[in-house]
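One structure is given below, encoded as structure tokens.
The values are calculated or read from the model by the stated rules, or taken from the named source; none is laboratory data. All values derive from a computational prediction rather than experimental measurement. We place every Cβ from the backbone using ideal geometry, glycine too, and count neighbours over all the protein chains shown. These accessible areas exclude ligands, DNA and RNA; they are computed on the full protein's heavy atoms, side chains included. Shrake-Rupley method; radii C 1.70, N 1.55, O 1.52, S 1.80 Å.
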Amino acid sequence: MTYDALPDESFWRRCLAAPDFRIGDMYRPRVLIGVEEGVATAGSCFAQKIGRELRASSARIVDQEPVPFGLTEGTAAGMGFVMFSARYGNIYGAAQLLQLAEDAFADRLRDEAFWEKDGRWYDGLRPRLEPGGFPTRAQAEAARRAHLVQVRRMFRTAGVFIFTLGLTERWEDGRTGTVWPICPAVVDAAFGHPAHRFHDARMGEVVDDLERFIALVRGENPALRFIFTVSPVPRMATAAGGHVLAATARGKAVLRAAVDEVCARQEGCDYFPSYEIATMNPVRRDAFGPDGREVRAEVVEEIMQVFFAGQTGLRRRVEPGPVPEGDEADICDEVLLGAARG
């Protein structure tokens with residue numbers, strides 16, 4: 001094979017000659033979403049933007065924990081309803097996702113996840129979704145069990161699972177290995193056990209966690225297929241030492257390489273390039289808002305145009321609505337890290 005037969009999008013100069021750098025040619029999906037199959041979503045904060053667009057399309061979104069009657073839209077969002085296909089909140093990394101699936105199928109409660117403060121009980125695996133806590137530990141445990149039931153149903157009934165990876169850095173319990181969604185001491189000092197430790201995953205670990213996750217859920221739903229994305233949002237803070245920019249670059253490179261490896265080795269797995277569209281387009285250098293992290297609405301729009309152009313079985317809403325900007329738009333646990341030192 002020579003370069004002569006390659007398409008225009010394979011050449012930098014030919015892409016640069018196009019006003020949009022031929023971004024639409026980046027996505028040639030191997031996993032196509034059928035009109036009737038259920039689509040489940042999970043992931044980091046950026047995944048909420050993808051989820052909102054999918055809910056507004058003809059996709060049949062799986063929602064195992066819908067908003068209870070009488071709950072206002074704002075309150076429901078703050079409690080984790082509508083964010084994803086169940087109320088697990090943000091799932092930033094592969095280890096956290098694997099843990100959720102393991103707990104769901106084993107119907108397992110983690111003793112160290114429940115903590116008490118001022119007579120109220122909290123679930124450390126969903127610390128911000130029940131801000132007022134529960135009157136008793138038994139009620140907190142019952143709520144977690146009910147949630148895991150719905151997570152099981154989600155994995156067993158979905159046809160496609162879309163997961164957005166955001167971080168390699170994580171905090172875990174040094175005694176048991178339980179992965180926390182955010183640094184526990186940042187959530188509340190009462191939850192900051194001395195045994196909690198920091199870990200920054202290597203590429204091989206991310207690959208292993210994703211492949212173990214795929215094998216586990218396919219044991220329950222053999223036909224389930226996967227679309228992976230990587231969030232373009234930079235880290236809010238790093239506990240690895242050094243500059244946050246270098247930590248962000250390393251983490252995104254690890255996640256992108258890990259997903260590429262998994263998709264090369266696993267059937268029914270695909271990658272959608274939301275990360276590249278936002279961060280690497282040489283004709284667009286203003287992808288982020290004033291804080292340097294929030295992806296601008298017009299860039300999200302461009303990303304979703306590429307997605308729906310590739311997913312020809314789905315019908316997007318006729319007139320795409322505005323994508324809200326700012327921290328109010330997405331429920332992000334990671335913002336707590338930015339306030340850790342004021």
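Filtered by the rule that a residue be open to solvent by 40 Å² or more (accessible area, probe 1.4 Å) and not in a loop (DSSP other than H, G, I, E, B), segment 78-111 gives GLU102, PHE105, ALA106, ASP111.
Of all residues in segment 30-40, those that are open to solvent by 10 Å² or more (accessible area, probe 1.4 Å) and either without any contact (Cβ under 8 Å) to a residue 40 or more places away in the chain or within 14 Å of LEU314 (Cβ to Cβ) (or both) total 5. Among the residues in segment 3-16, are any outside any loop (DSSP other than H, G, I, E, B) and under 24 Å from the mean Cα position of the chain (by Cα)? No, segment 3-16 contains no residue that is outside any loop (DSSP other than H, G, I, E, B) and under 24 Å from the mean Cα position of the chain (by Cα).
The residues of segment 208-221 that are out of contact with any Gly (no Cβ under 9 Å at 6 or more places or on another chain) and surrounded by fewer than 21 Cβ atoms within 10 Å (Cβ to Cβ), listed by number, are ASP208, GLU211, ARG212, ALA215, LEU216, GLY219, GLU220.
Contact annotation: residue pairs with Cβ atoms under 6 Å, 6 or more positions apart or on different chains, pairing a residue in segment 58-70 that is in contact (Cβ under 8 Å) with a residue 12 or more places away in the chain with a partner that is open to solvent by 30 Å² or more (accessible area, probe 1.4 Å) and in a loop (DSSP other than H, G, I, E, B), are SER58/ARG315. Restricting attention to segment 294-312, the residues being exposed (fewer than 14 other Cβ atoms within 10 Å of the Cβ) and not in a helix (DSSP H, G or I) number 1.
Taking segment 222-248 as the range and being under 21 Å from CYS263 (Cα atoms), surrounded by fewer than 17 Cβ atoms within 10 Å (Cβ to Cβ) and touching a residue at least 24 places away in the same chain (Cβ under 8 Å) as the test, only ALA223 passes. Here SER57 clears all of (1) open to solvent by less than 10 Å² (accessible area, probe 1.4 Å); (2) touching a Leu at 6+ places or on another chain (Cβ under 6 Å) except the condition numbered (1).
One line per residue, one yes/no per condition, for (1) part of a helix (DSSP H, G or I); (2) farther than 19 Å from ILE162 by Cβ; (3) open to solvent by less than 10 Å² (accessible area, probe 1.4 Å):
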position: ARG250; (1), (2), (3): yes, yes, no
position: VAL254; (1), (2), (3): yes, yes, no
position: ALA257; (1), (2), (3): yes, yes, no
position: GLU261; (1), (2), (3): yes, no, no
position: GLU267; (1), (2), (3): no, no, no
position: ALA278; (1), (2), (3): yes, no, yes
position: ASN281; (1), (2), (3): no, yes, yes
position: ARG284; (1), (2), (3): no, yes, no
position: GLY292; (1), (2), (3): no, yes, no
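Here segment 137-152 is the region considered, the condition is being among the charged types (D, E, K, R) and over 19 Å from the mean Cα position of the chain (by Cα), and the residue that is farthest from ALA47 (Cα to Cα) is ARG137.
Condition check ((1) over 18 Å from the mean Cα position of the chain (by Cα); (2) crowded, with 19+ Cβ neighbours inside 10 Å) across all residues:
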| site | (1), (2) |
| --- | --- |
| GLY119 | yes, no |
| GLY124 | yes, yes |
| PRO135 | yes, no |
| PHE155 | no, yes |
| ALA158 | no, yes |
| GLY166 | no, yes |
